[in-house]
Every structure is written in C-alpha cells, then in structure tokens.
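Enquirer: What follows is a structure written as structure tokens; I'll ask about it next.
Readers should treat all values here as calculations from the given coordinates under stated rules, not as data from a laboratory. All values reported here derive from a predicted model rather than from experimental measurement. As a convention, Cβ positions derive from the backbone with ideal geometry for all residues, glycine included, and neighbour counts pool all protein chains shown.
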Amino acid sequence: MVKRMQRTRGKKPVYQLKIAKERIEILLGLAEKEFRKHPKRSVRYIELARKIGMRYNVRLTKQQKRKFCKSCSTVLKPGITSEQRIQKGMIIIKCLKCNKIYRYPLKKSKKNIK
C-alpha cells in the first residue's frame, strides 16, 4: 500500500495577522475620511478591508462591523446614508442605499437593588 501525503493546514503566521488587522483599520479609517468627496472610493476601501479579513481569517470588531452596510459596502452615516431608530429595546439601522435593516439589542442597565 502506498501511503498518501496529507496536506497540512496551518494558521497564518502571527506577524501576517497583525499586519492584516492594521491594514483593515487603515482602510476603514480612509473610507470614513474619503466618504464626502469620493463615495465610490470609500466603497472600494471597505471591500478591500473585508477581503483582507476573509483571506487572513481576521474578524472585525463590533465597532468596525457597524460602520458599514454588509450588502452594499456603504459607510453608514446617520442621517446621510442610514436611518437610526430605537424601538422595543433594539437599535434599528436602515441603509438608505439598499434598504437593508440591521437590528442590534440594547444593553440593559443593571440596577443595584438592595
């Protein structure tokens, strides 16, 4: 019997993951900065940041995820490209470009009852 070589699946080196996180942060910052003058360019920056995250298997933070629409890659600015409401303990964000709706639960405050 011939023994087959199995393909090893390793993780990316730590330095590559660190560089990927830095680049994602830079691209999202540039997307917000360039949004007013060049909206198409900001969409491209967001697409590149998401591709880097997928290639290096790097998760975006909660704050980073909420900065853009996941379906059309538009920067979500309240009143300009998004509509925000608070209803029944939920934050409801609607993208005005593609009409996608995001619902996030509000954190309940803990009361010190004695």
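Enquirer: Could you give each residue of the range 44-59 its phi-based ³J(HN,Hα) in whole Hz, using Karplus coefficients 6.51, -1.76, 1.60 with θ = phi - 60°, and x for Gly or Pro?
Expert: Using θ = phi - 60°, the values come out as 5, 4, 5, 4, 5, 4, 5, 5, 4, x, 6, 5, 9, 6, 10, 7 Hz.
Enquirer: A further question on this structure: Counting only residues 5 or more places away or on other chains, whose amide H sits under 5 Å from the amide H of residue 90 once H atoms are built in the peptide plane?
Expert: Under 5 Å from the amide H of residue 90: 106.
Enquirer: When the Karplus curve 6.51 cos²θ - 1.76 cosθ + 1.60 is applied with θ = phi - 60°, which whole-Hz ³J(HN,Hα) does each residue of the range 29-40 get, with x for Gly and Pro?
Expert: Result, rounded to whole Hz: x, 5, 4, 5, 5, 8, 4, 5, 7, 10, x, 5.
Enquirer: A further question on this structure: In Å and from the alpha-carbon atoms only, list the Rg and Dmax of the chain.
Expert: 19.4, 73
Enquirer: With respect to the cross-link table entries 40/108; 65/107; 51/77, which display a Cα-Cα separation exceeding 28 Å?
Expert: Correct reply: 40/108.
Enquirer: Sticking with this one: Lysines near residue 11 by alpha-carbon distance under 16 Å, same-chain residues fewer than 8 away left out - which ones?
Expert: Hits, sequence-local ones excluded: 21.
Enquirer: Applying the Karplus parametrisation 6.51 cos²θ - 1.76 cosθ + 1.60 with θ = phi - 60° to the phi angles of the range 70-78, what ³J(HN,Hα) value in whole Hz is obtained for each residue in order, glycine and proline being reported as x?
Expert: 6, 8, 10, 6, 8, 5, 8, 10, x
Enquirer: If I take the Cα coordinates of the range 70-114 and project them onto the principal axes, what are the three extents in Å, biggest first?
Expert: Each principal axis gives a Cα extent; for the range 70-114 these are 49, 18, 16 Å.
Enquirer: If you keep only loop residues by DSSP, which trypsin sites (Lys or Arg not before Pro) in the range 24-71 have at most 16 other Cβ atoms within 10 Å of their Cβ?
Expert: 36, 37, 59, 66, 70
Enquirer: Once amide H atoms are built 1.01 Å from N in the peptide plane, which residues 5 or more positions from residue 82, or in another chain, come under 5 Å H to H?
Expert: Under 5 Å from the amide H of residue 82: 77, 96.
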